[in-house]
1. Taking K and R as +1 and D and E as -1, what net charge do the other residues with C-beta under 12 Å from the C-beta of Trp51 add up to?
2. With a probe of 1.4 Å, find how much accessible area the chain has per residue, and write the answer as a whole number in Å².
3. Taking the inverse of the average 1/r across all pairs of different Cα atoms in segment 78-143, what Kirkwood radius in Å do you get?
4. May I ask for the angle, rounded to the nearest 10°, between helix 44-56 and the longest principal axis of the chain, with both axes built from Cα atoms and the value confined to 0 to 90°?
5. Given labels modelled 7 Å from the Cα in the Cβ direction, how far is it in nm from Met127 to Leu16?
6. How high is the relative contact order of segment 143-204? Use alpha-carbon pairs under 8 Å, at least six apart in sequence, and give a whole percent.
7. Over the chain, with a Gaussian network built from C-alpha contacts below 10 Å, which listed residue (Arg48, Arg87, Arg121) shows the highest mean-square fluctuation?
8. Expressed as a whole number of Å, what is the distance separating the alpha-carbon centroids of segment 136-204 and segment 1-68?
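The values are calculated or read from the model by the stated rules, or taken from the named source; none is laboratory data. Since the model is a prediction, treat every value here as computed from it, not as a measurement. Methodologically, a virtual Cβ is constructed for each residue, glycine included, from the backbone with ideal geometry; neighbour enumeration extends over all protein chains shown. Protein only, heavy atoms only, side chains kept; ligands, DNA and RNA dropped before computing areas. Shrake-Rupley method; radii C 1.70, N 1.55, O 1.52, S 1.80 Å.
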Amino acid sequence: VSPGSYDELESLVDRLRFPCLVKPAESYRYNRAFGVKMKRVHTPDELRAAWGEAFDLGIGTMVQELIPGPETGGVNYNVYVVDGEPRVEMTARKMRLSPSDFGYPCAVVSGRVPEVVEPGRAIVRGMGIEGFANVEFKQDERDGRYKLMEVNGRPNMSGRLATRCGVDFPLLTYRHLVDSVVPAPTAWREGVHWVNEFTDTRAL
């Protein structure tokens, strides 16, 4: 849910399950203001405080279910869509985040995760996305299913991983938009690592 006022937040509190997450619509502004990517809240009062401090700064937020499980349960489904059809796809698993709780990925490895492909396709179709998208899932330790975390309509931090694996999404985008070359399915390598050597050192 994305409350737009204090009254709307109050009308939603009784429907929510705690703990949950308060996530920003504009992550760079939120991070500058509070020094974190998002906040976990355990009670209605914590929710009111975390939501209110962002709202007072004009930063919109979303209240989202907390999906329990280790950081290694995070998966990226990267895709390039043309006329509603996925043309190029690739998946990767998150190995470590920095900070380890709700931080940014600092180690990611390419690998096939077939369980997220069909849900990823359905999500980008349903949203009407064209071009590149990064759909993030996390495996729920309660039932083993992959749950949607968010959809990024832009290259993600570990985007160089795809390029090293043989899928150059920026080049595909450029050639499609400039030369009208429709991307074709591309073979890619598994077991390739992307590591942010500065933040991953701290995480380790």
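1. Values: positive: Lys23, Lys39, Arg48; negative: Glu8, Glu10, Asp45, Glu46, Glu53, Asp56.
Cβ neighbours under 12 Å give a net charge of -3.
2. Solvent-accessible surface per residue comes out at 54 Å².
3. Details: mean 1/r = 0.0767 Å⁻¹.
Mean inverse Cα-Cα distance, inverted, gives 13.0 Å.
4. Between the helix axis and the principal axis of the chain, the angle is about 70 degrees.
5. 2.2 nm
6. Numbers: 26 pairs, mean separation 20.0, N = 62.
The value is 32 percent.
7. Arg48
8. Each part's Cα centre sits 27 Å from the other's.
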